[in-house]
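This report refers to the structure that appears directly beneath it.
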Amino acid sequence: MKFVISSLLLVAVIASGAYAAEEVKLEDGVLVLTTDNFDEVIKNNEFVLVEFYAPWCGHCKALAPEYAKAAQALAEKESPIKLGKVDATVEGNLAEKFQVRGYPTLKFFRNGVPVEYSGGRQSADIISWVNKKTGPPAKELKTVEEAEKFLKDNEIAVVGFFKSQESDEAKAFISVANALDTFVFGLITEDELISHYEAKDGAVVLFKPFDEKKAIYEGEHTVENIKKFVQVQSLPLIVEFNHESASKIFGGSIKSHLLFFVSKEAGHIEKHVDPLKDIAKDYREDILFVTISSDEEEHQRIFEFFGMSKEEVPTIRLIRLEEDMAKYKPESNDLSASTIKEFLQKFMDGKLKQHLLSQEVPEDWDKNPVKVLVASNFDDVALDKSKDVLVEFYAPWCGHCKQLAPIYDQLGEKFKDNENIVVAKIDATANELEHTKISSFPTIKLYRKGDNKVIDYNLDRTLDEFVKFLEAGGDVAQSGESEEEVEEKPDEHQKDEL
């Protein structure tokens, strides 16, 4: 079937005269772009979405079938929007030209001008995003047939019912449609259609295939209020964490998440999570309920982030995705509705204390030149005002940290007999500090003697640069992160690194 579709697409491409068949190959409806044909394709097509990928990249492999599905669906509708892909490991000049720093990177070209793609990674998300970028923010629906087709073609659709597009309410709705690229918006102004859907003038309705099937907005028509309504109501009451949902979970307006660490295979969702839907409904404006399956090997990083093992499931954690990334752990492993509700209410009332990870202090923590810190001995060592203390915050799985290790050991060796300088490290995935939050690895900070001023290290990670930095007490000009290097982030939906 894919071969037939690709063949038909190839015929259409040749017939269009946009570019010669020998210059651009099609793979499952996606244009294969190279250094030789890239400029011509971009020049001859008003709209082109381009994926820069690496064959070995896991996220790219997961995206490939959805990307192809989107390309084929757009072609079948005779859309002017084309989807292309560039193997950045082969076409290095193109990757460098467009500053590709991770995989996959998607850029949308409109009349040759690129903008960053910010949509989801399912075919419906891709189609919605590119359509939004090439047409009006909200599609006017004139007939029942047109409206029904619009609802059928889009799994989630937001429809505004306004007798006048000039009203303040309608303008707020259009502004939201313009701002939320990953959703499709429809606009109905005909009295007959408004009556057909039994809607009031000014109604905003979100149609969806799950939970209540549709949600009606009843608040004040402000951009922020309607935007939050769409982001909240477009997600199920209880969301399963995966590659497709990650961007919606982390990019939504709800920043506090109750995470259920469960085994789908063991039936934990049916037994412990599904009975909590009424509670999820009560808190849905403030707390998002998310399930994370221990059966998925790729979720191991999340377990490590919370200092947990898979043997602990089923259990819960609560996280607030603000600057402090505060985490909370219940006192017991009781997952009954009453206990969960009490836990959430304490959080809402500000009565929960953060749960900070900490390891035991190793007996030989100060045996080697590079001292080993944990949460409980950090302040005693790093905040010793009589010494300059350089601390590397690392993650055991971090590739950059592993590359740095031998250099950092040499640095410790150089200053091991210096009474004024301490070189130390701390596993930031297993030890958390109330006063210091780490968002990338490795992070290196100097705690300066005398005043404990914290100075971030941003020089090249060479022995000479480290030595110069320490001998100057951190008082040196710093260049910032190099273009070639991408720090490793402790979250599940990060891009694969170059």
Put +1 on the Cβ of every Lys and Arg and -1 on every Asp and Glu Cβ in region 265-371; which of F343, F303, F289 then has its Cα farthest towards the positive end of the dipole? F343
Inter-probe distance in nm under a simple model that places probes 7 Å from Cα toward Cβ, at A179 and Q165: 2.1 nm
State, to one decimal in nm, how far the label point of D379 lies from the label point of K468, with both points 7 Å from Cα in the Cβ direction. 3.6 nm
Charges at C-beta only: +1 for Lys and Arg, -1 for Asp and Glu. How large is the resulting dipole of the chain about its Cα centre, in Debye rounded to 20? 560 debye
Per DSSP helix of 4 or more residues, -39500 (n - 2.57); summed, then divided by the residues of the chain. What does that give at 222 nm, rounded to the nearest 500? -10000 deg cm²/dmol
Need the full-extension length gain, M348 to K248, defined as separation in residues times 0.36 nm minus the C-alpha distance. One decimal, nm. 33.7 nm
Give me the base-10 log of I(q)/I(0) for region 371-472 at each q in 0.10 Å⁻¹, Debye formula, one uniform scatterer per Cα, rounded to two decimals. -0.24
Using only the Cα atoms of the chain, build the gyration tensor, take square roots of its eigenvalues as a ≥ b ≥ c, and label the shape rounded, prolate or oblate: rounded if a/c is under 1.5, else prolate if a/b is larger than b/c, else oblate. oblate
Hey, got a sec? Which GluC sites (Glu not before Pro) in region 272-338 land in a DSSP loop and have at most 14 other Cβ atoms within 10 Å? E285, E296, E322, E323, E331
What does the convex hull of the alpha-carbon atoms of region 26-134 project to on average, in nm²? 6.0 nm²
Modelled FRET efficiency - R0 35 Å, E311 with D366, Cβ distances, 0.05 increments: 0.60
What is the extension gain from A430 to D417, computed as 0.36 nm multiplied by their sequence separation minus the C-alpha to C-alpha distance, in nm to one decimal? 1.8 nm
Counting only DSSP beta bridges fully inside region 139-234, the antiparallel percentage to nearest 5 is 55 percent
What length, rounded to one decimal in nm, is gained on full extension from E46 through to E198, with 0.36 nm per residue of separation minus their alpha-carbon distance? 50.7 nm
Computed label-point distance, nm, for sites K255 and V144 using a 7 Å Cα→Cβ extension: 4.6 nm
Lysine pairs in region 26-134 with Cα distance under 14 Å, only those 8 or more apart or on different chains: how many are there? 11
May I ask you to list the trypsin sites (Lys or Arg not before Pro) in region 311-388 that are in a DSSP loop and have at most 15 other Cβ atoms within 10 Å of their Cβ? K351, K353, K367, K385
Among rounded, prolate and oblate, which fits region 238-349 when a ≥ b ≥ c are the square roots of the eigenvalues of its C-alpha gyration tensor, a/c under 1.5 means rounded, and a/b larger than b/c means prolate? rounded
Please report Rg over Rh for region 56-207, where both radii come from the alpha carbon positions and Rh follows the Kirkwood definition. 1.06
List the GluC sites (Glu not before Pro) within region 84-181 that DSSP assigns to loop and that have no more than 16 neighbouring Cβ atoms inside 10 Å. E155, E166
Counting DSSP beta bridges in the chain, what percent are antiparallel, to the nearest 5? 50 percent
Using only alpha carbons, build the gyration tensor for region 194-297 and give me the equivalent ellipsoid semi-axes, biggest first, whole Å. 29, 15, 12
Rank-order 25-32, 271-278, 81-88 by packing density, defined as the average count of other C-beta atoms within 10 Å over each peptide's residues, highest first. 81-88, 25-32, 271-278
Please work out the average accessible area per residue across region 26-134, using the 1.4 Å probe convention, and give it in Å². 43 Å²
Cβ-Cβ FRET estimate between I216 and D295, R0 fixed at 45 Å, reported to 0.05: 0.75
Axial C-alpha extent at least 30 Å, average Kyte-Doolittle at least 0.5 - helices from the chain (DSSP): none
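The values are calculated or read from the model by the stated rules, or taken from the named source; none is laboratory data. Keep in mind that what you see is a predicted model, and the values were worked out from it rather than measured. Reconstructed Cβ throughout: ideal geometry from the backbone, glycine too, with neighbour counts over all protein chains shown. For the accessible areas, the whole protein counts, side chains as well, though only heavy atoms, and no ligand, DNA or RNA atoms are used. Shrake-Rupley method; radii C 1.70, N 1.55, O 1.52, S 1.80 Å.
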